[in-house]
Structures are given as C-alpha cells and as structure tokens.
Amino acid sequence: MIYHDVLEAVGNTPLIRLNRMTDPEDAEVLVKFEAVNIGGSVKTRTALNMIQAAEKDGRIGPDTIIVEPTSGNQGIGLALIGAVKGYKTRIIMPDSVSEERRKLVKNYGAEVVLIHDEGNIGACIEKCMQTALQMAKDDPNVFVPQQFENEANSQAHREQTGQEILKQAGKPIHGFCSGIGTGGTITGVGEALREQNPDILIWAIEPEHAAILSGKEVGSHIQMGIGDGVIPKILHQDVYQDIVIVTDEEALATARELAAKEGLMCGITGGTNVAAALRMAKKLGKGKTVVTILPDTAERYFSTELFDA
Ligand code: PMP
C-alpha cells in the first residue's frame, strides 16, 4: 500500500503488553507506543485534527501563518503539517525545553521563537501564549490553534487514539491513567474508554512540582509536556476519579527501565505514565487490564537527564 502523503500514515500505533516490569499478581499493563507515530509523538494526531477542523470551517487558507505556543511536541506536529500542506509555521517555545525539540521544528522548515523561562514553566507558557495572541492581533493571517482550548484536540483522542485502543485490546479495559498537558489525552481517551466500560478507573497524573490540580505550588520539573502550570479549558475534570503524583526521579527511572527491560525507548512522560500504571495495576489486581500512553520517542531527550545515567 502506498500512502498519498505522510499525513495519511499518522496514527495506528501499536498497543504493547509490558512483561518484565509487571508483577504476575497484578493487572496487565498495555502501552500505546506513540514513539513510533509519524512525527515521533502522540501530538501529530492533535495537530492534524486541529488544522483539518480549521480548514473545514474556512478559518485558514493558503496565506495562513500557523502560530502556536507549545513546550514541544505540538510544535513539532504543527511544523510537520505546515511542511506537508505548505503553511508557514511559527512556534513559540520556552527556552527550557530540550534542544532537540527546537532543532526538529526548525528542520521541518518552521520558525522558532524562544521565550525565557525564569524557573516557572506556567508563567513562561503564559508569556508564550500572550506573544502568540499579540501576533494574531497584529496580522490577520495568523491562526493560533490554541491546543489548550481547542476541542479538536481532545476529539482526536476520543475518535482516534481511544478507538484504536478499544479495537486493539479487544477486551474490557479496567483502568487508564495519563499525565496532563492540555488534557486532550485524558479527556478524549478517557471518555472513549468509559463509554465501553462505565466502571473504568481513571487517574490523572501530576508531576510532584506542578501539582496544580492537587492545589500545590507550581515550580520547575523535568516531565516535559505535562504539568504546564495551567488548568486547561478542554480538560474535563469529571473524567478522572483520582489524581496521583509522580516525582521526576520516578519518571526518569521508569522511562529508563522501559528501554532496558521492555525495549520501549520513550520520553520522560512515558515513564511518568507507566509509574502510575504500575501502581494502578497493583490496586486492580490479576485478571484486570490497565492502559496508558508512551507519548513520544526518547530520541528528543539526548541532551536531558534521561540519558545521564
Ligand atoms: N507527554 C508529552 C511528551 C507531551 O508532549 C504531551 C503533550 N503536551 C503530553 C504528555 C500530554 O498530553 P496532553 O496534552 O494530551 O495532555
């Protein structure tokens, strides 16, 4: 089969069982391996759906400049789509995100604008957002998808990621957990899975130093892509029953273990998600099935602590 273009090949990532990291007395843990998605992350799905929705509504056209504030993967996804569809793309990023992310965005032909992170990722993301909105005010051709409030983001997960998981598992799923960046994943996948099993247990995961939903102070942490210090508009807080905390150390150790024990080389938040999924598997016990996501590839973290060990 030949794909018309690379965008046609987005999604349909494998769902893989963990074997060496799990306890036979616990629930099984299945991971959706988005490291092998086109663009290297789960966010190509949401970028594509947001752009397609805007095209359908006539909100964008040939002269559009896509501008988005993002801590990384969404920018890479948008830059890739801009390249294929011929839209100019400009990504506004905190300077604390990994160097690989900036280089990838640039290599897709997009422009990168860096905003200085003074040790508070939430404040920096807010500054990135204000910069993008100002650009939209100054230039009517600028379109800001606004992933934190764009329903096409969670819709991609409800209609695609979630449906793929249901079809691939082919049996009841008893638990799901996910870290929250925009909340698109937990809202969309969570609602898709709950439709199939109303009793499903869903956990939201927060980094220890960005536990805003838990009412804690937001500082800096290394679980890039989640814990941005804002409560996103598209997050449906009724989708999860509990909030669990994962430390930076636990996320890193688990991500390294996924590579060394399961051959699943993923980014830091894959470690975050699996650390919580293993706790959930213990709670639910043998015979049950827990699902989580490995949102991106490890290869955009060479310059970070993930490869320091
Ligand atoms: N992990 C990584 C590496 C990400 O880039 C993102 C997206 N920001 C997430 C997790 C969280 O996904 P969502 O935005 O759907 O909450």
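For region 273-296, the candidate set comprises residues that are buried (at least 24 other Cβ atoms within 10 Å of the Cβ) and of a type in the set (S, T, N, Q); within that set, the residue that is nearest to the ligand (Cβ to nearest atom) is Asn273. Of all residues in region 166-177, none satisfies being under 20 Å from Met50 (Cβ atoms), within 13 Å of the ligand (Cβ to nearest atom) and either of a type outside the set (S, T, N, Q) or without any contact (Cβ under 8 Å) to a residue 60 or more places away in the chain (or both).
When Asp242, Asp228, Asp199, Asp238 are checked against the criterion of being of a type outside the set (Gly, Ala, Ser) and without any contact (Cβ under 8 Å) to a residue 24 or more places away in the chain, Asp238 stands alone in meeting it.
Scanning region 2-43 for residues that are assigned to a loop (DSSP other than H, G, I, E, B), touching a residue at least 40 places away in the same chain (Cβ under 8 Å) and of a type in the set (A, V, I, L, M, F, W, C) gives Leu18, Met21, Ala27, Val42.
Kindly indicate the residue of region 65-83 that is of a type outside the set (A, V, I, L, M, F, W, C) and within 11 Å of the ligand (Cβ to nearest atom) and also modelled with the lowest pLDDT among those meeting that condition. Ranking the qualifying residues of region 65-83, first place goes to Ser71.
Go through region 165-202 and give me each residue that's within 17 Å of the chain's Cα centre (by Cα) and part of a loop (DSSP other than H, G, I, E, B).
First pass over region 165-202, keeping only residues within 17 Å of the chain's Cα centre (by Cα): 165, 176-192, 202.
Ile180, Gly181, Thr182, Gly183 - these are the residues of region 165-202 that are within 17 Å of the chain's Cα centre (by Cα) and part of a loop (DSSP other than H, G, I, E, B).
Exactly one residue out of Ile212, Ile245, Ile226 is more than 15 Å from the ligand (Cβ to nearest atom), under 27 Å from Met93 (Cβ atoms) and either in a helix (DSSP H, G or I) or within 18 Å of the chain's Cα centre (by Cα) (or both), and it is Ile245. With the condition kept exactly as written, say whether any residue in region 261-272 is surrounded by fewer than 22 Cβ atoms within 10 Å (Cβ to Cβ), in a helix (DSSP H, G or I), at pLDDT 95 or above and of a type outside the set (Ser, Thr, Tyr). Yes: one or more hits.
Applying the condition of being closer than 30 Å to Arg59 by Cβ and hydrophobic (A, V, I, L, M, F, W, C) to region 166-206 and asking which residue is surrounded by the fewest Cβ atoms within 10 Å (Cβ to Cβ) yields Ala192.
Per the conditions (1) outside any strand (DSSP E or B); (2) surrounded by 15 or more Cβ atoms within 10 Å (Cβ to Cβ); (3) among the β-branched types (Val, Ile, Thr), the sole criterion not satisfied by Ile231 is (2).
The values are calculated or read from the model by the stated rules, or taken from the named source; none is laboratory data. All values reported here derive from a predicted model rather than from experimental measurement. Quick reminder, even Gly has a Cβ in these numbers, built from the backbone with ideal geometry, and neighbours come from all protein chains shown.
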